[in-house]
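Report on the structure given below.
Every number in this text was worked out from the coordinates using simple rules, so none of it is lab data. These numbers come from a predicted model, not from an experiment. Cβ placement follows ideal geometry from the backbone for every residue including glycine, while neighbour counts extend to all protein chains displayed.
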Amino acid sequence: MLINSLTPRERQEHWEIHHLADWAAKSAHSKGRERPEEPDAVRTAFMRDRDRVLHSKAFRRLKHKTQVFIDPEEDHFRTRLTHTLEVTQIARTIARALLLNEDLTEAIALAHDLGHPPFGHAGEEALDEAYREWVPDAGFKHDEQSLRVVDILESGTGETFPDETGNAPLGLNLTWEVRNGIAHHSKGRHDLTDTTVERAATLEGKAVRIADRVAYINHDIDDAIRAGVIKPSDLPREQLELLGRTHSERISTMVLDIVQNSEGRPAVEMSPKIANATDFLKEFLFERVYWNASTGNQDLRKSQHVLRALFRLYMEQPERMTGNATLRELTTEDRAQIVCDYIAGMTDRYAVTCFDRHFVPKGVRGLRY
């Protein structure tokens, strides 16, 4: 094969086949897209997916969605966007060290939280509760919603064109590998070693899954200390002695352990000792930080009320969302799905604006005492 006669995309595909690990995903061997497309001359299939996510409206809205702590006067708390960028950086470091496909890893990482609702995990709990009030067998999970975002709710990336009716195809039409990684990144409160949780089919998806936990454990500790929810002295001493006492030390320990424990074999996982210490910190955060943020913090309790109230209002008066009165004619299940999609896509401030518009008398809006 004459390399100089290949397009930039073909050269990159050739490089992946000859330089990445045998068990790494190769863009030339992708299972493809639901709607077949002509290959790009410059970018591989996974590069195109990354760019579609990066240029989507849902990605831009992450900058105004809470990670854990709500505080409009504090500029240094993580948002859902900065969390996503930290996950992406850690996942790419792991992928590069293990000779995995960095472009696939980056695409999954950038998209993994597109479905998160406003107000962080407290908002996810409130939206799930509000949804089940109308459709008991349904419910809200941010990983499933992230897949809905890329499959249905986002469109118009510049790579799709309107049909004869003037409508562009729904969704970003991402490759199977990226979609699989998005669908299987979430762990909930499960331990990293829990084998009952379904994993991504690719090692790149597994790299994002473990990077997500490495990122949020460490930056949530940092933010919790900044918020005054915990003090450095509250952190479990034994785990700090093993993992490190600073934010950077702990991330370095975890990432190095993943690389050393996975190098040369088709796996992306921690050693049992580091995994157990990491899971211990996860439990510490659930008990001391997330529970506190969800039930002890007045702002987060108010934010949950905002989402519940909006859900009930839009179910009873769906025209308040889009001005389309025909939504009343839909079944309860279909209407609830539309309401859920609409609220999940809101930023924190837009949710508050809608609540203010619908529930606060016009004459007293914006008053401060």
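With contributions of -39500 (n - 2.57) from each DSSP H run of at least four residues, the per-residue ellipticity at 222 nm computed over the chain stands at -16500 deg cm²/dmol.
Per the Debye formula on identical point scatterers at the alpha carbon atoms of the range 14-56, with no solvent, log10 I(q)/I(0) at q = 0.18, 0.22 Å⁻¹ is -0.60, -0.85.
When the chain is described by a simple charge dipole with +1 on each Lys and Arg Cβ and -1 on each Asp and Glu Cβ, the residue from His358, Gln317, Ile17 located farthest towards its positive end is His358. Taking the Cα centre of the range 43-105 as reference, the dipole from Cβ charges on Lys and Arg (+1) and Asp and Glu (-1) amounts to some 400 debye.
Basic side chains Lys and Arg get +1 at the Cβ, acidic Asp and Glu get -1 at the Cβ, and with that the dipole of the chain about its Cα centre reaches some 840 debye.
Using only the Cα atoms of the range 1-154, build the gyration tensor, take square roots of its eigenvalues as a ≥ b ≥ c, and label the shape rounded, prolate or oblate: rounded if a/c is under 1.5, else prolate if a/b is larger than b/c, else oblate. The shape class here is prolate.
Pairs of Lys residues in the chain are counted when their Cα atoms are under 23 angstrom apart and they lie 8 or more places apart or on different chains; the count is 23.
Taking all Cα-Cα distances within the chain, those exceeding 37 Å account for 25%. Whole-percent P(r), the range 37-124, all Cα pairs, 10 Å bins from 0: 17, 41, 29, 11, 2. Computed packing ranks the peptides 257-270, 40-53, 91-104 as 91-104, 40-53, 257-270, most packed first, by mean other Cβ atoms within 10 Å. Shape analysis of the range 193-282 yields a ratio of the Cα radius of gyration to the Kirkwood radius, Rg/Rh, of 0.99.
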